[in-house]
Each structure stands twice: as structure tokens, then as C-alpha cells.
Amino acid sequence: MPNVKKAELLEGVVHMPSPVRHTHHGLPHGLLARWLGDYVRATPGAQLSIGATLRLVDENEEPQPDLVLFVLPPSGTARIDAEGYLVGPPELVVEVAASSAASDLDQKLRIFHRAGVSEYLVVRVEAAAVDWFVLRHGTCERLPADPRGILRSEVFPGLWLDGPALLRAEDPGMCAAVQAGVRTAEHAAFCARLARSPAPEP
């Protein structure tokens with residue numbers, strides 16, 4: 001479709017986006033992009049993608065999530081095809097939900113679960129809530145926060161999110177959490193493991 005910047009194919013139906021507000025989408029989206037960027041800079045072998053279409057297993061499903069964090073091939077669960085698309089389930093999908101909250105927590109959660117996405121993070125702006133789901137033994141479960149509201153990824157060691165800081169739009173708090181995470185022994189071991197992975201085929 002000409003002049004269309006974003007359209008998602010979800011369970012065989014094309015969805016067009018609503019107008020996007022700065023406070024309800026643009027600002028939290030930017031904060032999350034900087035947060036993930038901090039992690040990627042400290043984690044060779046991990047890569048961030050913003051607003052890219054995912055080609056999942058089912059040809060009727062091509063979502064275009066806000067943010068994706070994945071491990072580069074051949075170590076990760078997704079690959080980059082000859083056209084430059086990300087194919088298969090990435091390790092982490094992130095969505096900022098305002099008017100789309102119902103879809104993000106129902107239809108998209110179901111789609112990403114079915115596709116094998118390991119973790120799915122949804123920021124529900126109007127509800128002032130952060131939901132982080134992790135796929136365990138074929139079941140999606142909520143990732144619990146610690147008493148300070150810090151959420152810790154199980155797939156990406158050291159990827160720590162200060163949920164209350166995000167909801168207050170406090171970038172320094174988010175930065176401090178991820179910087180503390182990438183200084184851990186678990187993150188160092190993860191980076192060492194990625195460094196030992198075979199180089200991708202040309």
C-alpha cells in the first residue's frame with residue numbers, strides 16, 4: 001500500500017495504527033530505545049531493531065513491534081533473510097500500548113507465544129503498568145519485579161528495567177538499572193558465551 005509507513009498482519013487481518021501521541025507513545029518508546037541501546041553497547045552479539053516487520057512462522061502473521069532485541073545468528077532464535085527482514089522469533093519483543101493495550105495483551109501475546117518469542121514486554125501507559133512475560137515450558141508467565149520494582153530479563157542477563165522510573169519518564173533511573181545489570185558476573189558470562197559462538201555464514 002503506497003504511503004503507508006506501518007501496517008501489521010495479525011492472524012490474517014491487516015491492522016493500521018492510530019495517531020501517536022508524544023506522552024502516550026513517543027516518549028516511552030524513546031526511553032525504551034535508549035535503555036536497550038545501553039544494553040546493546042555493552043553486549044556484543046546482541047542487536048536492537050526499531051519498528052521492523054517480523055516474519056514469523058505463520059504466513060498470516062507479520063507484526064511490526066515497537067522494539068526487538070535479539071541475539072545475532074547463528075546463536076539466536078531469529079535470522080536475517082536475503083531481503084533484510086527478521087525471520088523467526090526474536091528473544092525479546094517490546095510494545096508501548098495506549099489505545100492498543102487490549103490487542104497487545106491479548107492477540108499479540110498469543111501470536112508471540114505461538115511463535116516462540118522468549119520474552120514479551122508491554123508498557124501500558126494509561127494504566128501506568130509494565131508487564132513482562134516470559135515463555136517457560138510452553139507457558140507464558142509474568143516476570144516478577146523485586147521490591148524496588150526492578151525487572152530482570154531471564155534471556156538477556158544484565159538487562160534490568162526500573163519499571164517505576166520508566167513510568168515516571170525518568171531516564172537516569174532506567175540508565176542506572178541497566179548499567180548495574182551489565183556490571184554483573186552473569187552478564188560477563190553471557191558475553192563470553194556469545195563470543196565463543198561460531199561466526200555467521202556469509
**Item:** Spin-label zone in region 30-65 - amide nitrogen under 20 Å from a point set 7 Å from the Cα of A188 along the C-beta vector
**Value:** 39-46
**Prompt:** If you average 1/r over every pair of different alpha-carbon atoms in region 80-147 and take one over that average, what Kirkwood value in Å do you get?
**Reply:** 12.8 Å
**Request:** Count the net charge of all other residues whose Cβ sits under 14 Å from the Cβ of C191, scoring Lys and Arg as +1 and Asp and Glu as -1.
**Result:** +3
**Item:** Inter-site label distance for A176 and H24 at 7 Å from Cα along Cβ, in nm
**Value:** 3.1 nm
**Item:** For region 18-193, size of Cβ-based charge dipole, Lys and Arg +1, Asp and Glu -1, in debye
**Value:** 380 debye
**Prompt:** Can you give the extra length, in nm with one decimal, that the chain gains between E154 and V40 once fully stretched, where that is 0.36 nm per residue apart less the Cα-Cα distance?
**Reply:** 39.5 nm
**Asked** If you add up the charges near D171, with Lys and Arg at +1 and Asp and Glu at -1, over every other residue whose beta carbon is less than 11 angstrom from its beta carbon, what do you get?
**Response** -1
**Request:** Could you check the simple spin-label distance between A128 and I50, using points 7 Å along Cα→Cβ, in nm with one decimal?
**Result:** 2.8 nm
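Counting Lys and Arg as +1 and Asp and Glu as -1, what is the net charge of the other residues whose Cβ lies under 12 Å from the Cβ of L48? Intermediate results must be reported in sequence, preceding the final value.
Working: positive: R34, R41; negative: D38, D66, E91.
So the surrounding residues net to -1.
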**Message:** Step by step: find N for region 18-193, compute 2.2 N^0.38 Å, then divide the Cα radius of gyration by it. What's the final number?
**Reply:** 0.97
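Every read-out reported here was derived from the displayed coordinates using simple, explicitly stated rules and does not represent laboratory data. All values reported here derive from a predicted model rather than from experimental measurement. Backbone-built Cβ (ideal geometry, glycine too); neighbour counts: all protein chains shown.
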